[in-house]
Structures are given as structure tokens and as C-alpha cells.
Amino acid sequence: MVRSHRSIRPEPGVHILNKANPGAVHFAQINEMDGFFLTGRAADPAFKWKKLEGAEVVMFKGGQPLDMFKYACHKAGIDFDKIKPIGLGSAGEIDRAFRQGQGQYVQQQGPYPQQLQADGIGMS
């Protein structure tokens, strides 16, 4: 089997859909699981997504990671507008902000959350 190194990325279509009167619509599911993690400052065996409402969450300020986080909130039945976002641009900025004490939770993609846990700073 020959595998292509090209990938079909849905993000451009998502950005178009966020504008009024889109010219194209995605009608197929790309994947069911996105590769982001939500990390809190301490282990919380009773964690429920509702705990994010009213909480400060350090997160990506745009693009696919933010879109997928909003979708996860929707699927969990919480109102994203009730979250207090601390939106930053790069993975490094997000990691630094959480390590410096910003936010109760942080949205990251690997390997950052695993390193937070290894350093005793957060629990996924």
C-alpha cells in the first residue's frame, strides 16, 4: 500500500464556517478524538466538565485546538461562554503561563501535559 505524505486538514473549512454565509460545508467526520489534554492543578477523581464553567482555563486562542475544545465542551453539555479563557498563541506560551500560576486548568497537546504531571505541577 502506498501512503501519501499529504494530509487533508479540516481547519480551513472550520474557519470558513465561522464566517457568515460560508461557501463550503464539511459533511464528513474527520476524527472522533482530538489530541488535546485538559490538566488541572491537582488530582480530582470527581472531575466533571461542569467544573470548567466559571474557571480560568489557559488554552489556545484560536485554530483547530480551540475549535476542538469548544466542540468537547458542547458534547459535555457545558456553556463555553461561562469559561474564563486565558487565550495564548503557542504551546510554549501556554505551558509557561500555567507553570507561572495562571489558570485552574490548561488545555495542551502532548507532550506538555505529560511533562506537567512528571514535574508535579498538574494532573491530567
Query raised in the report: With respect to the numbered conditions (1) over 12 Å from the mean Cα position of the chain (by Cα); (2) within 29 Å of residue 115 (Cα to Cα); (3) modelled with pLDDT of 60 or more; (4) open to solvent by 80 Å² or more (accessible area, probe 1.4 Å), which one is the sole condition not fulfilled by residue 19?
Result: (2)
Requested in this report: Determine whether residue 60 is open to solvent by less than 60 Å² (accessible area, probe 1.4 Å), modelled with pLDDT of 85 or more and closer than 18 Å to residue 107 by Cα.
Outcome: yes
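This table checks each residue for (1) on the phi < 0 side of the Ramachandran plot; (2) surrounded by fewer than 13 Cβ atoms within 10 Å (Cβ to Cβ); (3) in a helix (DSSP H, G or I).
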{"site": "51", "(1), (2), (3)": "yes, no, yes"}
{"site": "54", "(1), (2), (3)": "no, yes, no"}
{"site": "68", "(1), (2), (3)": "yes, no, yes"}
{"site": "74", "(1), (2), (3)": "yes, yes, yes"}
{"site": "86", "(1), (2), (3)": "yes, no, no"}
{"site": "102", "(1), (2), (3)": "yes, no, no"}
{"site": "113", "(1), (2), (3)": "yes, no, yes"}
{"site": "116", "(1), (2), (3)": "yes, no, yes"}
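The values are calculated or read from the model by the stated rules, or taken from the named source; none is laboratory data. Quantities reported herein were computed from a predicted structural model and do not represent experimental measurements. Here the Cβ is made from the backbone with ideal geometry for all residues, glycine too, and neighbour counts use every protein chain on show. Accessible surface areas use protein heavy atoms only, side chains included; no ligands, DNA or RNA. Shrake-Rupley method; radii C 1.70, N 1.55, O 1.52, S 1.80 Å.
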